[in-house]
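The values are calculated or read from the model by the stated rules, or taken from the named source; none is laboratory data. Keep in mind the model is a prediction, meaning the values are calculated, not measured. Note: ideal-geometry Cβ built from the backbone for every residue, glycine included; neighbour counts use all protein chains shown. Heavy atoms of the whole protein, side chains included, go into the accessibility calculation; ligands, DNA and RNA do not. Shrake-Rupley method; radii C 1.70, N 1.55, O 1.52, S 1.80 Å.
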Amino acid sequence: PIFQKYRYGTTIFSALASGVLTGKYNNGIPEDSRFSNNPDFFKNTIDSLTKEEGLEKIRKVKELTNFAEKELGCTVSQLALAWVAKNPNTSTIILGATKPQQLLENLKALEVLPKITDEVYQKINDILANDPKPDVR
């Protein structure tokens, strides 16, 4: 693959999907959140979360939250960031924290990183069910 051939890595932006992968939007849009403070900018995202596909995303986040807390002893945001960092092609993760405590929370993903075993990775993939399919033409 291209990453190994040219010794490149990917820079990941919005690894927490604008906060969706923090679980904060699991039960609606809280006050003082990115979505409530910038409703015009996030209008499409906010609208999408009320539709079938968006509700399915929230269902998966809830399932990932349960798995993260019960099986790994971490938050879903820490799990998401560790999952991204575990990819050997990831060289940089841009954290979009808006508050100091969010940054500290995000950095705890480094403690979760060793817990992302092949078994855990597979469980995450089973929950998400979004592995890319090969293009067979």
Checklist line | Residue satisfying condition, being modelled with pLDDT of 95 or more and open to solvent by 70 Å² or more (accessible area, probe 1.4 Å), within set L107, L113 | finding: L107
Notebook entry, point to check: Of all residues in the range 33-83, how many are open to solvent by 90 Å² or more (accessible area, probe 1.4 Å), under 23 Å from A109 (Cβ atoms) and not in a helix (DSSP H, G or I)?
Noted result: 0
Margin query: Need the failing condition index for N125 against (1) open to solvent by less than 70 Å² (accessible area, probe 1.4 Å); (2) closer than 18 Å to F13 by Cα, just the number.
Written below: (2)
Item checked: Matching residues, the range 1-32, being assigned to a loop (DSSP other than H, G, I, E, B), open to solvent by 100 Å² or more (accessible area, probe 1.4 Å) and of a type outside the set (D, E, K, R) -> P1, Y8, N27
Next item on the list: Report whether or not K108 is within 13 Å of the chain's Cα centre (by Cα) and within 17 Å of L16 (Cβ to Cβ).
Entry: no
Margin query: Quick check on N89: is it over 12 Å from the mean Cα position of the chain (by Cα), more than 21 Å from K57 (Cβ to Cβ) and open to solvent by less than 60 Å² (accessible area, probe 1.4 Å)?
Written below: yes
Notebook entry, point to check: When the range 116-137 is examined, which residues are found to be in a helix (DSSP H, G or I) and of a type in the set (D, E, K, R)?
Noted result: D118, E119, K123, D126
Next item on the list: Scan the range 6-25 and give yes if some residue there is out of contact with any His (no Cβ under 7 Å at 6 or more places or on another chain), among the aliphatic types (A, V, I, L, M) and over 25 Å from L103 (Cβ atoms), otherwise no.
Entry: no
